[in-house]
Amino acid sequence: MNVTAQARELLRRDTTWPFLVPRQRAVDVSHQVILYVEGLSVSFDGFKALNDLNLYVNDGELRCLIGANGAGKTTLMDVITGKTRCDSGSAWFGRNIDLLAHDEAAIAQLGIGRKFQKPTVFEAHTVYTNLELSLKGSKGAWSALTAALTGEQRDRIDRVLETIGLVNARYQLAGALSHGQKQWLEIGMLLAAEPRLLLIDEPVAGMTAEEAERTAELLTSLAGEHTVIVVEHDMEFVRSIARTVTVLHQGAVLAEGTMDQVQNNPDVIEVYLGEDA
Amino acid sequence: MTTVEHNRSLFGNLAGALAQLRAPGEGSSLLVAILLGVTLLMSAANLLLPAESPLYVSTYTITLMGKYLCFAMLAMAVDIVWGYCGILSLGHGAFFALGGYGMGMYLMRQIGDRGVYGNPDLPDFMVFLNWQELPWYWQGMDQFWFALLMALLVPGLLAFVFGWLAFRSRVTGVYLSIMTQALTYALMLAFFRNEMGFGGNNGLTDFKDMLGFDLQADGTRVALLMATALLLALTFVASRAIVQSRLGRVVVAIRDAEPRARFLGYRTEGYKVWLFVYSALVAAVAGMLYVPQVGIINPGEFSPLNSIEVVVWVAVGGRGTLYGAIVGALLVNYAKTRFTAVMPDGWLFALGTLFVVVTVLLPKGLAGLLQRGRTTDAETRGENNTGEVSAGDAPAEPITGEARA
Ligand SMILES: Nc1ncnc2c1ncn2[C@@H]1O[C@H](COP(=O)(O)OP(=O)(O)O)[C@@H](O)[C@H]1O
Ligand SMILES: [Mg+2]
């Protein structure tokens with residue numbers, strides 16, 4: 001193509017410039033697996049937080065990760081979401097996206113949402129604004145300058161507000177919410193982003209039994225349309241939601257299966273009884 | 001749901017609806033109106049009234065006011081990054097001074113052969129240093145438009161490079177503040193050197209005229225004040241639009257929970273860099289307006305202490321509200337003028353005391369005091385938890401389901 005033709009191509013009004021079109025690659029889940037983690041190792045000053053960890057999660061699954069404090073659950077999420085670099089191993093989102101090659105923002109835009117262990121919302125903003133900022137879409141500074149909510153996006157926010165039960169708190173400052181409500185808002189923020197995979201770190205910590213029950217309902221209802229990985233200590237809670245449980249111990253997978261299988265697994269019994277003793 | 005809860009959420013929704021009705025904030029428009037009105041009145045009183053009249057405003061006062069307004073603009077620039085994004089810049093004086101030097105270079109070139117040495121091209125200090133020709137970076141600075149461009153470009157570029165390096169490496173908090181101090185300090189040392197070609201420690205001064213108008217004339221002084229007031233109003237309105245846009249909301253989100261924003265897909269360093277550059281440009285404009293009014297620019301403007309003083313103005317006025325920064329700068333500088341007339345050496349102590357008192361007693365500054373008043377009003381009417389939504393410069397609410405229903 002000669003220069004004038006190229007220039008004409010650039011000046012066409014009916015198309016967006018190719019370099020401005022986001023390179024959104026849909027995640028390929030043709031093998032039903034949405035997350036492949038293989039041989040992952042992370043060490044902090046010689047201490048192995050993750051030690052040759054393997055984990056496969058199916059598309060649409062609700063998976064529970066359990067393990068004692070310090071087992072490496074949060075570190076695993078850190079690696080998947082691009083916060084922590086690993087020493088070795090691989091992490092793939094579907095068959096086609098190498099998670100280790102992306103940063104946090106890119107991974108979020110690929111459709112992986114993450115809830116922190118300590119509920120983190122934008123306290124100076126209202127519940128509504130928190131959700132607005134979480135919506136899927138362009139996250140660049142220039143587009144944010146002129147961004148306005150479309151009707152569709154408002155409907156989306158309304159639906160999320162209903163799902164997380166905060167319809168009546170929409171104009172409250174997020175900082176004024178109760179602890180449990182903040183947890184829900186943060187889950188709502190993930191939902192507003194329409195993710196494929198949700199990583200949820202200790203969602204019921206500090207919740208009342210009733211709140212925990214509602215959270216369990218919420219998470220089970222999300223599975224199917226989304227893939228959900230939940231980290232939790234509360235065995236009661238895990239039992240109420242889990243179909244498959246993965247037990248982490250010292251940075252590696254100790255056992256995997258249904259709750260009953262896992263609880264009768266001799267390795268698990270040994271580790272847990274050993275710790276209890 | 002109990003009745004109390006129900007009432008509370010009902011009032012919450014009401015307050016939200018009210019908040020969007022009163023957007024974009026009548027308080028802010030009031031500030032622009034007062035600013036422009038007072039400037040016009042002062043200008044008229046200076047130009048139209050005889051000097052004997054009790055209402056006459058002296059040219060000294062006009063220039064003093066112009067200087068205060070420049071400081072107000074600088075304070076606003078600092079507030080944009082500090083109050084809204086949590087970037088405590090202790091080096092904004094650098095951008096202010098660079099803008100000032102750009103304007104100073106233009107004014108220097110306007111002197112022409114009226115300098116002591118009568119050299120038509122070289123400013124006096126260069127003749128004094130035995131320089132034979134104008135350094136390359138002084139070329140073109142006799143053109144007003146070019147000088148303006150450079151006075152914006154250089155600080156803007158510096159802010160971009162600095163911000164890009166610092167924010168990309170995720171430097172935050174105290175470390176970032178120290179880096180900004182180092183930046184302005186390094187520039188101060190550089191500008192003190194005669195070989196830099198900016199007049200060494202004397203800086204640039206003895207300006208004669210600007211765009212052909214005599215800088216000593218009352219009319220020019222008044223015009224400069226009016227230009228300053230106008231630009232302050234413009235930058236204020238622009239900044240308000242920015243902080244009320246979604247960009248502004250993202251910026252506040254970054255301030256309060258940067259990792260959360262990142263995991264939602266925002267490249268937070270990009271937001272910070274652009275906000276920092278914008279803020280530096282506003283500071284540079286303030287510096288450009290400052291120099292023709294005070295008649296001098298020297299490396300002292302880069303002094304780290306100057307930048308820290310600006311932070312105190314913002315703290316006093318109330319960070320996180322644009323009008324707070326403006327009011328804070330005006331009040332503290334007025335106090336400074338008064339105070340130094342009585343006790344020239346005591347100012348730094350007074351400033352320090354003021355800072356401590358404000359930090360301890362008024363963490364949100366004077367604007368916080370104002371908001372607290374309003375919140376108490378609201379509470380007596382039965383609104384809960386929503387006081388801050390409707391307060392001051394808080395971002396306007398989006399139009400919501402209720403509003404459309
Ligand atoms: N940034 C870090 N620096 C040093 N050690 C860390 C860091 N993050 C985690 N660790 C250590 O790695 C281990 C695993 O931590 P974590 O993944 O948070 O455990 P879990 O979430 O399962 O309780 C812990 O012993 C913790 O102290
Ligand atoms: Mg953890």
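The values are calculated or read from the model by the stated rules, or taken from the named source; none is laboratory data. Everything numeric in this text was worked out from a predicted model, so none of it was measured. Cβ sites come from the backbone with ideal geometry, for glycine too, and all protein chains shown count toward neighbours.
Listed values, structure above:
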read-out	value
Sole exception among (1) hydrophobic (A, V, I, L, M, F, W, C); (2) within 16 Å of ligand 2 (Cβ to nearest atom); (3) farther than 23 Å from A:L110 by Cα for A:I229, by number	(3)
Subset tally (residues that are more than 8 Å from every other protein chain (Cβ to nearest Cβ) and either touching a residue at least 12 places away in the same chain (Cβ under 8 Å) or under 26 Å from A:A223 (Cβ atoms) (or both)) for segment A:137-154	4
Matching residues, segment A:82-109, being crowded, with 23+ Cβ neighbours inside 10 Å and either touching a residue at least 60 places away in the same chain (Cβ under 8 Å) or more than 16 Å from ligand 1 (Cβ to nearest atom) (or both)	A:F93, A:I107, A:A108
Exclusive hit being farther than 14 Å from B:A94 by Cβ and surrounded by 13 or more Cβ atoms within 10 Å (Cβ to Cβ), set B:Y185, B:Y137, B:Y175	B:Y137
Residue list for segment B:132-147, filter: touching a residue at least 60 places away in the same chain (Cβ under 8 Å) and aromatic (F, W, Y)	B:Y137, B:F144
Filter pass, B:L281 being within 14 Å of chain A (Cβ to nearest Cβ) and within 21 Å of B:L165 (Cα to Cα)	no
Positions within segment B:226-254 being more than 13 Å from chain A (Cβ to nearest Cβ) and surrounded by 23 or more Cβ atoms within 10 Å (Cβ to Cβ), in sequence order	B:T228, B:A229, B:L232
Yes/no for A:L65 being within 12 Å of ligand 1 (Cβ to nearest atom), closer than 21 Å to A:R243 by Cβ and outside any strand (DSSP E or B)	no
Near pairs, Cβ below 7 angstrom, 6+ apart or cross-chain, from segment A:40-69 (closer than 19 Å to A:Q261 by Cα) to any residue that is among the acidic types (D, E) and within 12 Å of ligand 1 (Cβ to nearest atom)	A:C64/A:E232; A:I66/A:E232
Any hit, segment A:101-114, residues being under 29 Å from A:A147 (Cβ atoms), more than 10 Å from chain B (Cβ to nearest Cβ) and modelled with pLDDT under 95	yes
Within segment A:117-129, tally of residues that are at the interface with chain B (Cβ under 8 Å from one of its Cβ atoms) and touching a Phe, Trp or Tyr at 6+ places or on another chain (Cβ under 8 Å)	3
Those residues of segment B:260-269 which are touching a Lys or Arg at 6+ places or on another chain (Cβ under 8 Å) and more than 7 Å from chain A (Cβ to nearest Cβ), in sequence order	B:T268, B:E269
Lone qualifier among B:A335, B:A315, B:A286, B:A325 - being among the small types (G, A, S) and within 16 Å of B:G156 (Cα to Cα)	B:A286
Residue match in segment A:58-81 (condition: charged (D, E, K, R) and either at the interface with another protein chain (Cβ under 10 Å from one of its Cβ atoms) or under 22 Å from B:P259 (Cα atoms) (or both))	yes
Test for A:I97: is it at pLDDT 95 or above, under 18 Å from A:I229 (Cβ atoms) and more than 8 Å from chain B (Cβ to nearest Cβ)	no
Residue in segment A:58-75 that is of a type in the set (A, V, I, L, M, F, W, C) and farther than 25 Å from A:Y272 by Cα present	no
Residue count, segment A:199-245 (criterion: in contact with an Asp or Glu (Cβ under 6 Å, 6 or more places away or on another chain) and part of a strand (DSSP E or B))	2
Scope segment A:155-165; condition more than 10 Å from chain B (Cβ to nearest Cβ) and touching a helix residue (DSSP H, G or I) at 6+ places or on another chain (Cβ under 8 Å); matching residues	A:R156, A:V160, A:T163, A:I164, A:G165
Residues (touching a residue at least 24 places away in the same chain (Cβ under 8 Å) and part of a loop (DSSP other than H, G, I, E, B)) located in segment B:169-217	B:R170, B:T172, B:G197, B:F198, B:G199, B:G203, B:D206, B:F207, B:K208, B:L211, B:L215
A:T129 away from ligand 1 (no atom under 16 Å from the Cβ) and at negative phi	yes
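Yes or no, residue by residue, for (1) buried (at least 21 other Cβ atoms within 10 Å of the Cβ); (2) more than 20 Å from the chain's Cα centre (by Cα):
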{"residue": "A:T163", "(1), (2)": "no, no"}
{"residue": "A:Q172", "(1), (2)": "yes, yes"}
{"residue": "A:H179", "(1), (2)": "no, no"}
{"residue": "A:M189", "(1), (2)": "yes, no"}
{"residue": "A:E194", "(1), (2)": "no, no"}
{"residue": "A:L198", "(1), (2)": "yes, no"}
{"residue": "A:T215", "(1), (2)": "yes, no"}
{"residue": "A:H226", "(1), (2)": "yes, no"}
{"residue": "A:A242", "(1), (2)": "yes, no"}
